[in-house]
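No value in this document is a laboratory result; all are computed from the given coordinates. The structure displayed is predicted, hence computed values, not measured ones. Backbone-built Cβ (ideal geometry, glycine too); neighbour counts: all protein chains shown.
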Amino acid sequence: MALRTLASKKTLSLALGGGARPLAAAAAARGVATTVSLPDLPYDFGALEPAISGEIMRLHHQKHHATYVANYNKALEQLDAAVSKGDASAVVQLQGAIKFNGGGHVNHSIFWKNLKPISEGGGEPPHGKLGWAIDEHFGSFEALVKKMNAEGAALQGSGWVWLALDKEAKKLSVETTPNQDPLVTKGASFVPLLGIDVWEHAYYLQVISFCWN
Ligand SMILES: [Fe+2]
């Protein structure tokens, strides 16, 4: 699985239960542009089967990502109110929710674009300059996969494993972030090329299915 396709776009803003639009309207009414929206998947929910089931993709996108979006927008609303009142304690208290939910939105928005159905060319190792760069920095594509699997397995709790480009050092690296911390928390020079979601919510239905069978 890799990269993106524009095939069969789904309109999923309804998954938010309309919650984002009132928040956006309220923010706009005060002249504050704050809210984000759940992005469409660039493929059908079942397009990645059998690697990832359509059921888990639907839940992951419409329940989990949608919740990060809703909670991030809610936190921004509260931040706006706290700033308006000059409530410094509330502003500081909200930083955790903004980081967690904003990070969840940022990370998942990258994650969906990293995936691509086999029918659209997904599942192929990277070619061209990226393929050469991977060979140069990790020895081989297989060595990179092994390293990312090991880093993910070693991650305590939930988090993300990243194939990153360090713009300043001009090199590729494998990084991990805890919880929903986005890659930028490791340094402003890091650009995410591939993000692997190590949260159980990304695969738990298939684990249950495999165990059952
Ligand atoms: Fe996730």
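Observations on the model:
- By average C-beta atoms within 10 angstrom, highest first, the peptides 55-65, 104-114: 104-114, 55-65
- With each label modelled as a point 7 angstrom along the Cα→C-beta vector, the residue 166-residue 80 pair spans 4.0 nm.
- Each peptide in 194-201, 91-98, 46-53 was scored by the mean count of other Cβ atoms within 10 Å over its residues; highest first, the order is 194-201, 46-53, 91-98.
- Cα-based reach from residue 167 at 19 Å (exclusive), listing lysines while leaving out same-chain residues under 8 positions away: 129, 186
- Look at where the Cα atoms of region 76-126 and of region 185-200 average out, and the two centres are 12 Å apart.
- Each other residue within a Cβ distance under 14 Å of residue 102 adds +1 if Lys or Arg and -1 if Asp or Glu, for a net charge of 0.
- For a label point 7 Å along the Cα-to-beta-carbon line of residue 135, residues of region 148-164 with backbone N under 19 Å: none
- Report note on the peptides 78-84, 36-42: ranked by the mean count of other C-beta atoms within 10 Å, highest first, their order is 36-42, 78-84.
- For region 88-213, the share of alpha carbon pairs falling in successive 10 Å distance bins from zero is 11, 36, 35, 13, 4, 0 percent.
- Checking every one of the trypsin sites (Lys or Arg not before Pro) in region 123-181 against DSSP loop status and a limit of 13 other Cβ atoms within 10 Å picks out 167, 170.
- 17 Å tail of the calculated P(r), region 82-134, as % of Cα pairs: 64
- Nonlocal amide H pairs with residue 199, under 5 Å, H built at 1.01 Å: 159
- Under 5 Å between amide hydrogens, built in the peptide plane, is the criterion, and for residue 193 it picks out 163, 164, 165 among residues at least 5 positions away or on other chains.
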